[in-house]
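Report on the following structure.
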Amino acid sequence: MIFLFKITRTVILFMSGYLPSQETNPYGTFIFIEKLPRSNEIITFRMRSLSTNAGSVLNQTKFLTLLDKAERIRPDDKMLMRWHYSSWYDIEFATSSGNYQLRLYLGGLGHMTLPNGKRGAVLLNLEENN
């Protein structure tokens with residue numbers, strides 16, 4: 001019954017020409033990260049898997065290698081609005097500049113919170129991980 005209601009609501013919104021995504025940008029507060037931390041700057045590190053897929057494992061060494069080659073993503077990049085993969089890892093690390101948090105999604109997109117509380121997006125090239 002609830003499932004049917006959700007479908008009906010979506011159809012009504014679509015038919016009325018109103019879609020919430022037309023009005024809101026969930027990345028509106030994101031910034032372009034000027035400088036990403038490097039693996040040799042990391043003092044403490046912690047990661048937690050959010051995936052039940054045992055075939056897609058990322059360890060600390062692999063992550064640090066990918067971080068050094070990560071691309072910074074601009075907040076207006078259309079990739080952010082198209083990305084639909086699920087959460088993969090929560091990663092926290094500290095450098096002399098402060099604490100960083102990264103929510104990494106399957107496919108390599110990550111939302112990074114900087115020590116000053118601002119957020120931005122990064123892309124890790126997971127193809128190099130294989």
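Only the coordinates and a few stated rules stand behind these numbers; no lab work does. Please read these numbers as outputs of a predicted model, since none were measured by experiment. So basically every Cβ, Gly included, is an ideal-geometry build from the backbone, and we count neighbours across all protein chains shown.
The packing ranking, built from the mean of other Cβ atoms within 10 Å per residue, places the peptides 99-110, 38-49, 57-68 in the order 99-110, 57-68, 38-49, highest first. Full extension of the segment from residue 99 to residue 72, taken as 0.36 nm per residue of separation minus the current Cα-Cα distance, would add 7.9 nm. What FRET efficiency comes out for the pair residue 47/residue 79, r = Cβ-Cβ distance, R0 = 25 Å, nearest 0.05? That pair, residue 47 with residue 79, gives E of 0.60.
Here the extension length gained between residue 90 and residue 126 equals 11.4 nm, from 0.36 nm per residue of separation less the Cα-Cα distance. Per the Debye formula on identical point scatterers at the alpha carbon atoms of the stretch 22-129, with no solvent, log10 I(q)/I(0) at q = 0.13, 0.19 Å⁻¹ is -0.46, -0.99. Near residue 30, no amide H atom lies under 5 Å from its own; only residues 5 or more places off or on other chains count, and H is placed 1.01 Å from N.
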